[in-house]
Every structure is written in structure tokens, then in C-alpha cells.
Amino acid sequence: TKALILVGGYGTRLRPLTLSVPKPLIHFCNKSIVEHQIEALVNQAGVNHVILAVAYQPDAMIDALHHLESKFGIRITCSREEEPLGTAGPIRLAKDLIVENGDDSDSFFVCNSDVICEFPLKEMIAFHQKHGQEGTILVTKVDDPSKYGVVVAEDDGKIERFVEKPKEFVGDCINAGLYIFRKSIIDRIEPRPTSIEKEVFPVMAAEGALYRMKLQGYWADIGQPKDFLKGMHLYLDSVDKKWKKGQIEHDDEIPKLAKGDKFIGNVLVSESATIGDGCLIGPDVTIGPNCRIDDGVRIQRSALMEGVTVRSYSWIDSSILGWESTVGKWVRIEGLTVVGQDVQINKECYINGAFILPHKGINNSIHTSGTIV
Ligand code: GDD
Ligand code: MG
């Protein structure tokens, strides 16, 4: 079975992180977003060929993901767009790769590259085979459906309407960004920039060719800082529950949460990170490889990418710190601040809700949320 991942997209909403690294390669809970997806596709659904639909930086992508071919024993290919083809165009562009010989399945997976969830792929395959129609969409419930594609369906799962980013309320059941399609869908799509949500799904729904399966468990689109942190909370909570229930199938892939006096709630710390005396870390914190946290630091609801240094007695809350950045002594960072790669924040600064571009040095406090430096 094959899977096509819609890689994208410039990831503008995760700037300044995406100025250094394409969105799917950004680490979410110490593993690239796309590796979370590939792992599920391989382990749950037996996918053996992953096609990355890329609109920019294809070489960076292939270089970074090459090692996953041997790790998972699969093929990974890039399908490169000359111009961004939207969410449907890339499926048509990759037609030859999707239909090429030697594939036993008449269906394939498609997935958005910025969603994290329980990935109930076995159940999806079974459901897709049972209804026998052209497509299956995974759906979930959210509080604010207006940012998503809304799905209205009959009780048996047959979709009546699909409305992308509705202005008026139509329902709260939304497209989770994970699909199974029969290969015949490719012929519905024209070879030009096309939106699957606006141009393909409404037509399929009208024909009765589209079904939805409800997701049990957590889901998050982590393409924006706030949702990234919310997704971290949900993911770490599910990891904690899996350990408690002893529900572990692929042992080495469920990370171990940090234990001890320095930690509260769910915290993930890379083995190569060091944490000083008198720190208090958590809840909902991830600390990447080679991070160095000095004494007396307090961190909560935040993500530290690889190689971040935090000096003594600093406080970090609800923020994301990019690779190799340094936070000086007695600094306070909060309010959904996102710090790019290799930023130096000088001692005693107070940073509230700022976006700090890569390679900057910060010597003064930033009080106004939304400031871009
Ligand atoms: N290859 C390629 N080319 N990929 C693209 C392009 C393109 O031109 N444009 C967008 N993508 C990728 C994005 O990188 C992302 O993985 C996916 O397609 C969806 O695009 P987003 O920009 O993240 O869309 P969204 O989050 O506003 O809405 C989509 O996701 C929601 C769930 O998170 C829609 O599918 C909604 O219906 C859905 O509810
Ligand atoms: Mg998205």
C-alpha cells in the first residue's frame, strides 16, 4: 500500500521556525512531524512506499528523510511541483508513482503533513473496504469548526456535504486531514492547482462516493504555535495513558516520560539533554537533544528544539524555542513566544508573545504580544 503526504506549503503560520526547517521536519515531541506519520502508516497500515508531495526545498526533505527508508524498510520518493498545486493537484501529478506496478492494493492513503492524532489506520482500512465507495475521510469534533473543512454525514457515514472553512455554522465534525482513496479518484483531478476540499470533495459527496469515519482519541493540526502546544499536551497525555494501560505494541516507539523531583506532569526529555539542580520542569514540556538547562530554571507548557541552552533562574512558559538558541540568566519568556534558530536572549530580558527571527540578539525586553523582531 502507498501513501502520499501533502508536504507543502511554506508553513508560514509556524514562522520563524519554518524559516530554518520545512514544517514536516520540525520536531514535535522530539521526532519530526512527518516521522510520526510515516511510523503510523508503516506500523498500522503496512504502507511500503511513501510519496512526499513537495512544492519547495525537495532536496532538504529527501536528505533529512533518507534514513527513514532503512529504519522502516520502505521506499520514500519525492514528487516535486514546479508551482504549488494545492491539495488535489499533487495527487494527479504523482499519478505514475501511485498507480505503478507491483502494488497489491487498489487504494492509497493521503495525509496532510501537519496533523497529529491517534492514527486509527487499521480501522480506516476495514471501514473503507466495507462501504466500498471511492473515498474515506477521517473526522473529529472541534470547538471552532470555521478554520477547517466541515463534514455533514448520515448515520452510516455517507457524507452529504463537505464545506471548507464555512462562514456560517454547518456542523462541528471536521476533516482531520487523513484519507483513503481508490486509485480511480486520480482521474477526477485536473493537472493544475486544485483544492481537494473545495473542488473535489463537494462533487464526490453529491455523488455519494465519500464516507467518513469518526476518530476516537486526540487530534491536533499543529501548523500554528498555539495548536502546536495544545497538540503536545494531547500527545503527551496519550503517551502517559498508554504506559499506564500497558497498551504498547511497538515498544521502542512510545517515548518514556521523565520521572523524578524536577518534573511535574508529562515531560519528555531527550537522553542527551542535561538539567541542573533545583529546576522545575512541566507540565507539558519537551526538551530536545543536546539541550542544556542550568540550575533553578522553571519551564512549563513549552517546546525546546535541539541544542537550546537556558541559563540559571530563567522562566519559560507557553513558548517554543528554536534550535541552538540561548536564553540568558533571569530571563522570563511567556505568552506564545516563538524563538527562531540561533537566537541569543540576553540576561534579565522579559519577552511576551514575540516572534524572534533566526540569528537575532535580543538585549531589551519585549512587552507587546505579536511583536516580530
Ligand atoms: N504539495 C503541496 N502543494 N502541499 C500543499 C500545498 C501545495 O500547493 N498547499 C498546501 N499543502 C499541504 C499543507 O502543507 C498541509 O499539509 C496540507 O496540504 C493542508 O494545507 P493547510 O494549509 O495546512 O490547510 P488547513 O490546515 O488550512 O486545512 C486543511 O487541513 C484541515 C485539518 O487540519 C484542510 O484539509 C481542512 O479541510 C482540514 O480540516
Ligand atoms: Mg493545516
Test: S319 is within 24 Å of V239 (Cα to Cα), in contact (Cβ under 8 Å) with a residue 12 or more places away in the chain and in contact with a Leu (Cβ under 8 Å, 6 or more places away or on another chain) | yes
Residues of region 85-101 being surrounded by 15 or more Cβ atoms within 10 Å (Cβ to Cβ) and either within 27 Å of S20 (Cβ to Cβ) or more than 16 Å from ligand 2 (Cβ to nearest atom) (or both), in sequence order, are L85, G86, T87, G89, P90, I91, R92, L93, A94, K95, L97, I98
Members of region 126-143 found to be more than 14 Å from ligand 2 (Cβ to nearest atom) and surrounded by fewer than 20 Cβ atoms within 10 Å (Cβ to Cβ), listed by number = A126, F127, Q129, K130, H131, G132, Q133, K141, D143
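Okay, residues lined up against (1) within 14 Å of ligand 1 (Cβ to nearest atom); (2) in contact with a Lys or Arg (Cβ under 7 Å, 6 or more places away or on another chain):
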| site | (1), (2) |
| --- | --- |
| V200 | yes, yes |
| M204 | yes, no |
| G208 | no, yes |
| Y211 | no, yes |
| D227 | yes, no |
| Y235 | no, no |
| K242 | no, no |
Reported set for region 22-32 where residues are part of a loop (DSSP other than H, G, I, E, B) and surrounded by 21 or more Cβ atoms within 10 Å (Cβ to Cβ) is P22, I26
How many residues of region 276-290 are in a loop (DSSP other than H, G, I, E, B) and under 19 Å from Y235 (Cβ atoms)? The answer is 5
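Which residues, taken from region 361-373, are within 14 Å of R15 (Cα to Cα) and in contact with a Gly (Cβ under 8 Å, 6 or more places away or on another chain)? Show your work before the answer.
First, pick out the residues of region 361-373 that are within 14 Å of R15 (Cα to Cα): 370-373.
The answer is G370, T371.
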State all residues of region 323-360 that are in contact with a Gly (Cβ under 8 Å, 6 or more places away or on another chain), outside any loop (DSSP other than H, G, I, E, B) and of a type outside the set (A, V, I, L, M, F, W, C); if no residue qualifies, say none.
-> E334, Q344, N352
Given the conditions (1) under 20 Å from L93 (Cβ atoms); (2) within 13 Å of ligand 1 (Cβ to nearest atom), every one holds for R13 apart from (1)
Read through the list (1) surrounded by 15 or more Cβ atoms within 10 Å (Cβ to Cβ); (2) at pLDDT below 95, then give the number of the only condition that I159 fails.
-> (2)
Residues that are among the aromatic types (F, W, Y) and within 16 Å of ligand 2 (Cβ to nearest atom), drawn from region 163-207 = Y179, F201
Out of all the residues in region 112-159, which are within 22 Å of G11 (Cα to Cα), hydroxyl-bearing (S, T, Y) and in contact with a Leu (Cβ under 9 Å, 6 or more places away or on another chain)?
-> S113
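Out of curiosity, is F162 aromatic (F, W, Y) and within 13 Å of ligand 1 (Cβ to nearest atom)?
Numbers: aromatic (F, W, Y): yes; within 13 Å of ligand 1 (Cβ to nearest atom): yes.
It is true that F162 is aromatic (F, W, Y) and within 13 Å of ligand 1 (Cβ to nearest atom).
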Within region 299-309, is there a residue that is surrounded by fewer than 19 Cβ atoms within 10 Å (Cβ to Cβ), in a strand (DSSP E or B) and of a type in the set (S, T, Y)?
-> yes
Looking at region 46-63, which of the residues that are at pLDDT below 85 and part of a loop (DSSP other than H, G, I, E, B) is farthest from ligand 2 (Cβ to nearest atom)?
-> Q57
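So if I check each of G282, G288, which one is touching a strand residue (DSSP E or B) at 6+ places or on another chain (Cβ under 9 Å) and within 28 Å of A53 (Cα to Cα)? Outline the logic, then answer.
Details: G282 fails: within 28 Å of A53 (Cα to Cα).
Being touching a strand residue (DSSP E or B) at 6+ places or on another chain (Cβ under 9 Å) and within 28 Å of A53 (Cα to Cα) holds for just one of G282, G288, which is G288.
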Kindly provide the set of residues from region 205-220 that are crowded, with 20+ Cβ neighbours inside 10 Å and part of a strand (DSSP E or B), ordered by number.
-> L210, Y211, R212, M213, W219, A220
Restricting region 94-144 to residues that are among the aromatic types (F, W, Y) and over 30 Å from P225 (Cα atoms), the one farthest from ligand 1 (Cβ to nearest atom) turns out to be F127
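Which residues, counting only those in region 189-204, are in a helix (DSSP H, G or I) and either out of contact with any Leu (no Cβ under 6 Å at 6 or more places or on another chain) or surrounded by fewer than 18 Cβ atoms within 10 Å (Cβ to Cβ) (or both)?
Once the filter is applied, which keeps residues that are in a helix (DSSP H, G or I) and either out of contact with any Leu (no Cβ under 6 Å at 6 or more places or on another chain) or surrounded by fewer than 18 Cβ atoms within 10 Å (Cβ to Cβ) (or both), region 189-204 yields I196, E197, K198, E199, V200, F201, P202, V203.
The values are calculated or read from the model by the stated rules, or taken from the named source; none is laboratory data. Note that the coordinates shown come from a computational prediction; the quantities given were computed from them, not determined experimentally. Note that we place each Cβ from the backbone using ideal geometry, even for glycine, and neighbour counts take in every protein chain shown.
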